[in-house]
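The values are calculated or read from the model by the stated rules, or taken from the named source; none is laboratory data. Just so it is clear, the structure is predicted and the values come from calculations on it, not from any experiment. Methodologically, a virtual Cβ is constructed for each residue, glycine included, from the backbone with ideal geometry; neighbour enumeration extends over all protein chains shown.
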C-alpha cells in the first residue's frame, strides 16, 4: 500500500481549511445569508434599519435619525415628517435606530447608509449625555460585533478588532473576518428548526417591514405616580410594573441620587467618544451631510435634578471645531417626567408624540430650507 | 484548560512542535513537564499531589520488583502500595462523603466533622493506573520501570490524565521502546479522531446538555412524563457523546504525539444485552474492574452465588468510583443487578437456538432497544443530584402526567435525527477508516473535503456560546 506522507497530509489539511474559509465567505461574508436573517433578531433590526434608510422618499429632503432603543421607542419618523409638513418644511424623517447599539455600531451602519445613492440633508444622532461620562466600558461591548459584522469590509480587518481593549475581545472581533458564520450560529439553527416559517417571515418583513416600523405607535403604559425620596433616592413605584422594570427603576433611583443626574467623567468614555463620535463626524463631512446631535431624554425623574445645560468634553470640542451641531442640552428637559416614560429609560407613546414633533422642529431650525 | 478550548489547542500545538524537534528521550521529558503544567492549570497545589503519587509508585514498583527477585515481601509491599493509593483516593474523594453520612446518622450538626477537602481533578484515574502498575509488577506482567521520566509519563501523560482512558502499563511501556516517528498515517488518523471528538462533544453532547440541564437543573418538579423522558434521553445521549468525544480527542492527541491509546467505547448503545454493554462502555474502566477487582474477588470460580455477589460488589464499587454519593452507589448496584439478572437468565435459558437471519436481526434489534432502555433508566440516578430527585424522575417516567408538557424542546428532533445519521455514517467506525485510508490525490481530496465540512459543522452547530465541562472531568 502506498504510504501516506506527512507533508501531503499537512498540505491537504491546509486545503481543507482553505475550502472551509472560502465556503464561509461565499455563504456569509458575501451577504447572501444576511437576506434570510430572522427579522426580529438583533441583526434583523440592522437589516430593517438599512432597508428603511433605502426606502426614504426621493421627492423631498430626508433626515436620518440614529440611536439605540431609546430612539426606536421615543422617535416616530411619520410623526416627525407630519410635524415638518405642518411647519411648511416638507422633510422625510427616517428612523435608523437599532436597539442595543452604541456609537461604534452607528458608525458602521451610517457608513453603509451614506455609501448608497440616497442623499440625506442631515444625520441626527442621539447622545445619552453631553459629557464624556458613559458609565459602561463601551469599547469592550462585544455585542457590537453581532450588530456590525455583516457591514465590515477587509479594510476594517485590523482597525475594528483594535478598537476593543481586552485581547479576548480583539480575538472575538477578528473572528468576524475569518469565520463569520460563527456569528450566525443561533440564526442558522433557528432557521433549520422551521425553515418554512422563517422564509414566510422574511418575505413578510421584506414587503411590509418599513410600513410596520412606521406604524409603530410606542408603548402606552406610563410611570405616572413615580416618586423619589429626596434623602435616600428610594423610589415609590406605581403598581402593576414587571419585576424587571421595578429593578431597573430602583437602580435608576440610586444612581440619580448618587450622581445628581450626571455620572462623573471618565477617561475611557472620553477616549471612546473621541474615536467614534469623531469618526462619525468625519464620515458625515466626507459625505457632505450635516451632523446634528441631541441629548435623548435621560429618564423619568431627571426633571428633579438641577439642569445640566453646558456640554463638555468630546462633543463640545467637536461642536467648537464646526464638525457637528449640538441641539440645546435642555431642549427636551420637559419630557423627563414619569408620565412620558414606560420604564426608567424609554419614552412611552405619549412621550413619543411630543418628542418626535419637538425633535423635528429643532432639527429643521438648524437646516437651511430645501431648494 | 479543556479540550474544547482555544487555549488547549495553542498549548497542544506548542507541545507537539517541541516534541517533533526533540530527540525521543527529550520529547518524553517535554511531555512530562507539559503534563504537569497542564494539570497545574487547574490548581498548582495539585501538581504536588500528582508528583507525590508518581514518586511513591515509582519506588513501590521498584521495591516490589526487588522483593520478587529476592523471593520475599512482595505481597506485603503490594498490599502497602495498594492501600496507600486507595487511602489517597479515599481521603480526597470519600472522606467528606463518609463524614457527612456519619454526621447525618449521628444527627450531628452539618460541618462539625468536615475538613473541607478539595477533590483533586483526575485522582480517580491516576490512582487506578498506579494500582494497576503495582499489581502488574507483582504479577510479573511488566518489569518495574527503572526510568523515572518514563514512569512519570505513564501516570501523568496529559491526553489521558484527567478523564482517561485508564492506561495499562503493559500497553503503554512497550510504546516507549519503539521510538515511533510521527507518520502521515498517524497525522491523518489523529486529526480525524480529534475532529470527530470535537463534533461529538461540542455539537452533539453540548446541545443535548442544554435539554438535559433544563430538565434536571430545574424542570423536574414542574413537569410530567414527556419532559422526564426527553430529559433522561437527552442526558443518555449527552453522556455518551461527551465521554466518547473526550476519548476521541484524547486518542487523537496521543497519536499525534506518537502514542496509541486503546479504544474506550465501541458503540455501546448498540449492545444487545447488559454484559455486552459493559464490554463496549468505558472499556478501560470495566476491564480494570474485571482484572483488578472482579477476578481477585474470585470471579466466576467460586460458585454461582459468589459470582452474583462479586458482580454486585464490583459494580457497586465501580459506581462509587465515579463519585462519593449514594446515587453513584445506587447506579453501580443497579448495573450489578442487571448483570446478575442477565447472567441468571442466560444460565436458565441456555444458548439460544439458531434462527433465520431476519428473526435474528429483529430479535437483536428488540434486545438492543431493551438494553438501551435499561441503561438509560440507570442514568437517572447518575444524573440526579439526590435520591429524592431520582425517585421523582423515575415516578414521572412511568406515572407522570402527559398533560402539562406536550411540546418538544427546541432542536430536540433535529438532534435525534442528526444522531441517527451519525450512527449510520460512523457505524463500525467506517467514517474513521474511510477518512484515514487511501493515499494519493483521491485519498487526500476526501480528507480535505471532510475536514472543510467538519469545520463548517463545528462553526455553525457547536455550542461555544455556553460552557459545558466534560462530565468525566469531575471524576
Legend entry - The lone exception for residue A:86 - which of (1) surrounded by fewer than 19 Cβ atoms within 10 Å (Cβ to Cβ); (2) at pLDDT 90 or above; (3) within 14 Å of chain B (Cβ to nearest Cβ) it fails: (3)
Inset, instruction - Quick one: residue A:74 ticks every box in (1) crowded, with 18+ Cβ neighbours inside 10 Å; (2) within 14 Å of chain B (Cβ to nearest Cβ) except a single one, so which number is it? - result: (2)
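When you look at residue B:178, is it in contact with a helix residue (DSSP H, G or I) (Cβ under 6 Å, 6 or more places away or on another chain) and either under 22 Å from residue B:292 (Cα atoms) or away from chain A (no Cβ under 14 Å) (or both), yes or no?
No.
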Inset, instruction - Determine which member of the set B:102, B:108, B:88 is modelled with pLDDT under 85 and in a helix (DSSP H, G or I). - result: B:102
Legend entry - In the range B:365-390, the residues that are surrounded by fewer than 13 Cβ atoms within 10 Å (Cβ to Cβ) and in contact with a helix residue (DSSP H, G or I) (Cβ under 8 Å, 6 or more places away or on another chain): B:385, B:386
Inset, instruction - Could you check, for the range B:187-198, whether at least one of its residues is over 30 Å from residue A:16 (Cβ atoms), surrounded by 22 or more Cβ atoms within 10 Å (Cβ to Cβ) and at pLDDT below 90? - result: no
Legend entry - Answer residue from the range A:1-41, given it is surrounded by fewer than 20 Cβ atoms within 10 Å (Cβ to Cβ), facing chain B (nearest Cβ under 8 Å) and not in a helix (DSSP H, G or I) and is modelled with the lowest pLDDT among those: A:1
Inset, instruction - Return a yes/no flag: does the range B:392-412 have any residue that is assigned to a helix (DSSP H, G or I) and within 13 Å of chain A (Cβ to nearest Cβ). - result: yes
Inset, instruction - Using the structure shown, decide if residue A:233 is crowded, with 16+ Cβ neighbours inside 10 Å, touching a strand residue (DSSP E or B) at 6+ places or on another chain (Cβ under 9 Å), part of a loop (DSSP other than H, G, I, E, B) and at positive phi. - result: no
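For the range B:371-385, state whether one or more residues are outside any helix (DSSP H, G or I), more than 14 Å from chain A (Cβ to nearest Cβ) and closer than 27 Å to residue B:213 by Cα.
Within the range B:371-385, one or more residues are outside any helix (DSSP H, G or I), more than 14 Å from chain A (Cβ to nearest Cβ) and closer than 27 Å to residue B:213 by Cα.
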Inset, instruction - Can you confirm whether the range A:360-371 contains a residue that is buried (at least 23 other Cβ atoms within 10 Å of the Cβ), assigned to a loop (DSSP other than H, G, I, E, B) and touching a strand residue (DSSP E or B) at 6+ places or on another chain (Cβ under 8 Å)? - result: no
Legend entry - Counted residues, the range A:179-198 - those being surrounded by 14 or more Cβ atoms within 10 Å (Cβ to Cβ), more than 9 Å from chain B (Cβ to nearest Cβ) and more than 22 Å from the chain's Cα centre (by Cα): 2
Inset, instruction - With the condition kept exactly as written, say whether any residue in the range A:113-126 is part of a helix (DSSP H, G or I) and within 30 Å of residue A:18 (Cα to Cα). - result: no
